[in-house]
Amino acid sequence: MARSIYITSAEGHSGKSTVALGVLDALSHATPRVGVFRAIARSTRERDYVLEMLLDHDGADLAYDDCIGVTYDDVRRDPDAALATIVERYKAVEAQCDAVVVVGSDYTDVGSPAELAYNARIAANLGAPVLLVLGGRSAQQQTQPEALGSTFARTPAEMGQIADLALAELEHGRAKLFAVVANRADPVRTDETIDAIRRSVDAHHGPSDAAPAVAGTSVPVWAIPEDRYLVAPSIRGIMRAVDGALLSGDPERLTREALAVVVAGMSMVNVLPRLLEGAVVIIPADRSEVLLAALLADASGTFPSISGIVLNGGFELPESVTRLLDGLASKVPIITTDLGTYETAVRIMGTRGRLAADSRRRYDTALALFEQSVDTDELLEAFGVARATVVTPLMFEFQLIERARAERKRIVLPEGDDDRVLRAAATVLKRGIADLVILGEPFEVRARAIELGIDIQAADVLSPFDAVHVNRFAEEYARLRAHKGVTLAQAADTVTDVSYFGTLMVHLGLADGMVSGAAHTTAHTIRPAFEIIKTKPGVSVVSSVFLMALADRVLVYGDCAVVPDPSSEQLADIAISSAATAAQFGIDPRVAMLSYSTGESGSGADVEKVRDATALVRARAPELLVEGPIQYDAAADAAVAAAKMPGSDVAGRATVFIFPDLNTGNNTYKAVQRSAGAVAIGPVLQGLNKPINDLSRGALVDDIVNTIAITAIQAQGE
């Protein structure tokens, strides 16, 4: 039977979806099959955005309709019948999972004062301990109209009182308390808040057995601080709130947060000084001069960058103004609404931020806050989930991130003009995976990041034409390539190429590694490394591996990207390098030298090459477990291995697969990736003195994040 946890709150707008996402993420890294269940959904007509967001997480693989219990209408009609339905539908999800995250109701306008009591009753009937989320902010809005969604911070005493009331309700409903999270807490008084809540918990429950690792203490209590980006509404949310339509601008910028409201009901010269960073500007549609001024101010770089514009009143823009807008080609979203200024402002001020998977910044911020504030090891231990021996792709990716974070390295990203690279950089920085240097013109790179609504402030942005660096790099490159007749003038021209510039940063210790290739060929990325970084002592060839994350384990495939037709000596080099890479990433290396025959059964030049390479590996690295020549089925399948190569330490248990040539390796990894649903992480370059890694030009943001983490881990090994 799966273990489950019921996440509920004592009131609305506590941000429990942030906590639910964090718990789901933590469980996904420890156990293979994690489910999500929404006990009470808002309606059947409209999809539940919280459930959709959680199901979008890679760790949850269930159908939306299977994960819904009942609706508020069902509860109002017959609470007992609704409870029976919730239990029945939950049990169907539980049967498919090792752990289930159950999310309680949302305290909508159709809720009632007894809502927490009903949630407690559900949790008790599901046998799920309760993770109680307490809101650290009161519902009373502050008086400043420019502060969107801001609220008063509750004092520790107030938090303790709310905990008292909530715990009494849970006790009355016979629900077992698992932990308490004070969400959106005042970061200055976090310790006081935790102490106040803990006193309340102790008064109600005394020492708990919910956390055996800390016997004799109360249940775990954590506090997650407020983050304005999580509570601020998106421009898309504002567009829905005002019943608006997108007139012009970049649709991707609709995910950007609105951090303030500026009502532009005055002349242009008075509006401009009042613009705020990240503001949504409300402009009457018949004040076209103010509209143009706001757009020009955003593009100028001398005024704050605005998130969006709402044109209210329903007036059509003159044709001449529309033509002018087309010529400006501004990417600021301009939304039109028929509402008046007052109603528009009221609706925008009442719009709240939603945590959704389509906003990468919110998603990363929520996970980063949870990881920084909640002791996930304590959470998992209290929950009773042991780390599984099975390693899923998601679990392996988390291990990469965890290891990279343990000793942060400085990675250079030469392709600062690629949106995927900027988005990946924002994720890496937010989650503390590595320190970054991004190459590109600083104003252009940072301006594009602002347009995309992502945060790369913690990155260093460096122009590849920076005179100081170009002079230093040119001298070094001319020295290294003097034997090829390269002059200082030629070197100065060469090093402004981003791949050479980034490689020289790594060579001179200004960065620990480089990741490139999203917009450049493999040759463009790694040629400078051959010339400058060079290979490790004793290694004759630079090669690559893919880390193939299957459903339950991770294998290493090499070489699938670099060396077309390796000699037996090169093949031996690739095998030894691949085994070292496997060990670096926690994979016990058992090396299979692949061929179309197994053992002594075959002959021919191709088989002899593999046989010779195997002998070289055994001579040069006698500590390695290696077998070859061997066919793939004999290397991977224990039953086949028993028949073809009985008694082998590698056959049937291989973890490192060395292909005889690039044609075989490249096609095999792609076949396994597409047919078996494996996640192919790489190519990971090996054999260089310092880590340089190449991306596929079709790389996704997550691929880039993983490659940065891999490069950081390689740099740790250096």
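The values are calculated or read from the model by the stated rules, or taken from the named source; none is laboratory data. None of the values given here were measured: they were computed from a predicted structure. Glycine also receives a Cβ, built like all others from the backbone with ideal geometry; neighbour counts cover every protein chain displayed. Side chains are part of the model used for accessible areas, which takes the heavy atoms of the whole protein and leaves out ligands, DNA and RNA. Shrake-Rupley method; radii C 1.70, N 1.55, O 1.52, S 1.80 Å.
Observations on the model:
- Computed log₁₀ I(q)/I(0) - Debye formula, equal Cα scatterers, no solvent, region 245-352, q 0.14, 0.19, 0.21, 0.23 Å⁻¹: -0.48, -0.94, -1.19, -1.48
- Area projected by the alpha carbon convex hull of region 285-436, averaged over all directions, nm²: 14.0 nm²
- Each Cα pair under 8 Å and six or more residues apart adds its separation to the average, and for region 418-542 the resulting relative contact order is 19 percent.
- When +1 charges are put on Lys and Arg Cβ atoms and -1 charges on Asp and Glu Cβ atoms, the dipole computed for region 463-598 relative to its Cα centre reaches about 160 debye.
- Of the accessible area of region 646-716, computed with a 1.4 Å probe over protein heavy atoms only, carbon and sulfur atoms account for 45 percent.
- Rule-of-thumb Rg ratio for region 177-321 [Cα; 2.2 N^0.38 Å; N residues]: 1.61
- 24 Å tail of the calculated P(r), region 464-571, as % of Cα pairs: 36 percent
- Calculated Rg and Dmax of region 1-140 using C-alpha coordinates, Å: 13.9, 43
- Charge dipole magnitude, Cβ of K and R +1, D and E -1 - the chain, Cα centre, debye nearest 20: 400 debye
- Value at 222 nm in deg cm²/dmol, rounded to 500, when DSSP H runs of n ≥ 4 in the chain each add -39,500 (n - 2.57): -13000 deg cm²/dmol
- Geometric extent, Cα atoms of region 528-644 - Rg, Dmax (angstrom): 14.5, 49
- Farthest toward positive dipole pole in region 437-574 [+1 Lys/Arg, -1 Asp/Glu at C-beta], among Val506, Ala478, Ile438: Ala478
- For region 349-490, the Cα gyration tensor yields ellipsoid semi-axes of 38, 23, 11 Å (square root of five times each eigenvalue, largest first, whole Å).
- Principal-axis tilt of helix 360-373 within the chain, Cα atoms, nearest 10 degrees: 90 degrees
- Descending principal axes extents, region 658-718, alpha-carbon based, whole Å: 34, 29, 18
- Packing-based order for 316-328, 254-266, 363-375, using average beta carbon neighbours within 10 Å, highest first: 254-266, 363-375, 316-328
- Ranking of Asp455, Asp559, Asp191 by solvent-accessible surface, largest first: Asp191, Asp455, Asp559 (1.4 Å probe, protein heavy atoms only, all chains present).
- Working ranking of peptides 634-644, 566-576 by packing, defined as the average number of other Cβ atoms within 10 Å per residue, highest first, is 566-576, 634-644.
- Charge tally in the Cβ shell below 9 Å around Glu257, where Lys, Arg are +1 and Asp, Glu are -1, Glu257 excluded: +4
- Linear extension gain, Glu475 paired with Ala676, 0.36 nm per residue minus alpha-carbon span: 67.4 nm
- Centre-to-centre separation between the Cα atoms of region 631-686 and those of region 592-620: 15 Å.
- The chain: angle of helix 701-717 to the longest principal axis, Cα-based, in degrees nearest 10: 60 degrees
- Residue (of Leu339, Val562, Thr155) at the positive-pole extreme of the chain, dipole from beta-carbon charges: Val562
- With all protein chains kept in place, the per residue accessible area of the chain amounts to 41 square angstrom at a probe of 1.4 angstrom.
- Degrees separating the helix 568-584 axis from the principal Cα axis of the chain, which is the longest one: 30 degrees
- Over the Cα atoms of the chain, the radius of gyration divided by the Kirkwood radius equals 1.02; this is the Rg/Rh ratio.
- Calculated Rg and Dmax of region 615-661 using C-alpha coordinates, Å: 10.6, 30
- Full extension of the chain between Ala492 and Phe465 gives 8.7 nm of extra length, using 0.36 nm per residue less the Cα-Cα distance.
- Among the listed pairs Lys91/Lys176; Lys409/Lys690; Lys484/Lys609; Lys430/Lys536; Lys670/Lys690, those beyond 22 Å (Cα-Cα): Lys484/Lys609; Lys430/Lys536; Lys670/Lys690
- Accessible surface comparison of His520, His57, probe 1.4 Å, protein chains only, largest first: the order is His520, His57.
- In region 505-551, the convex hull through the Cα atoms has an average projected area of 5.1 nm², a quarter of its surface area.
- Relative contact order of the chain: 11 percent, from C-alpha pairs under 8 Å at least 6 residues apart in sequence.
- The value obtained for region 608-705, namely the Cα convex hull volume divided by the number of residues, is 142 Å³ per residue.
- Surrounding net charge for Asp703, when Lys and Arg each add one and Asp and Glu each subtract one, Cβ distance under 15 Å: -2
- Of Lys484, Lys409, the order by accessible heavy-atom surface (1.4 Å probe, DNA, RNA and ligands excluded), from most exposed downward, is Lys484, Lys409.
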